[in-house]
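Visitor: Sharing a structure below in structure tokens format, with a few things to ask.
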Amino acid sequence: MKYLSKKNIHGFTLLELLVAVAVFAILSAMAYGGLRNVIDNSMQTETSMQRLQQVQLAMVSISRDFTQITQRNIRDEYGNTNNYILTGEGTDVFIEFSRGGRRNPAELLRSHLQRVAYKIEDNTLSRLHWPHLDRTQEMEPYESILLEDVENANIRFLDSNNEWHNEWPPLDATGQADGSTVVLTAIEFSLELLDWGELVRLFPVSS
């Protein structure tokens, strides 16, 4: 039987251990950095997808309202007759109108028409709707948030003469609203988002 001499037994020196630990630390840092990038990219992608879904849902709601505008005037809470479209109604509400196609899955005894409005407050786009077209002083609108991080909104109206107006009915030469000579054919709705910039949609309107 042969015995190994103590002189032939070799272990790791302190320098070799330090080098091995340093290499392992470098590889671990590189692996963690790559994993961190993957996680960050995944989170950014998820955030972008959520934002895209929010914008799409908001535009679907806007499209559903604007493409079903109907020429039904209403009486407000003070008994005054208001046009079926009102623009610039207050500090936050920038448009209010009557629309058809109100859903009634429970087949309740109610009108298929609905009065809706849109407003921007604290960079948030909200939709308002009233339970009835002609409202009383006690009637409050229902409000739902559509989209956040909205900087501004703009509305333009295209008439049957292919002329654009910032109000509807358009003002005549005397400064009075006169919608008897022209017909509304389309509405341009633009949103300026803080992160995406400007989004513009053109909605045809049935006469």
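Readers should treat all values here as calculations from the given coordinates under stated rules, not as data from a laboratory. Keep in mind the model is a prediction, meaning the values are calculated, not measured. All Cβ positions, even for glycine, are placed from backbone atoms using ideal geometry, and neighbour counts span all protein chains on display.
Visitor: Just order 196-206, 63-73 by mean Cβ neighbour count inside 10 Å, highest at the front, would you?
Guide: Most protected by this proxy first, the peptides run 63-73, 196-206.
Visitor: Which cross-chain or sequence-distant (5 or more) residues have an amide H under 5 Å from the amide H of I95, H modelled 1.01 Å from N in plane?
Guide: Placed amide hydrogens put G88, E89, Y118 under 5 Å from I95.
Visitor: Peptides 31-42, 113-124: what's the order by average Cβ count within 10 Å, highest mean first?
Guide: Averaged packing, sorted descending, gives the order 113-124, 31-42.
Visitor: Using the Karplus equation 6.51 cos²θ - 1.76 cosθ + 1.60 (θ = phi - 60°), what ³J(HN,Hα) coupling, rounded to whole Hz, does each residue of the range 113-124 give in order, writing x for Gly and Pro?
Guide: Each residue's phi maps through the Karplus curve to give 8, 8, 9, 10, 8, 10, 9, 10, 9, 6, 6, 10 Hz.
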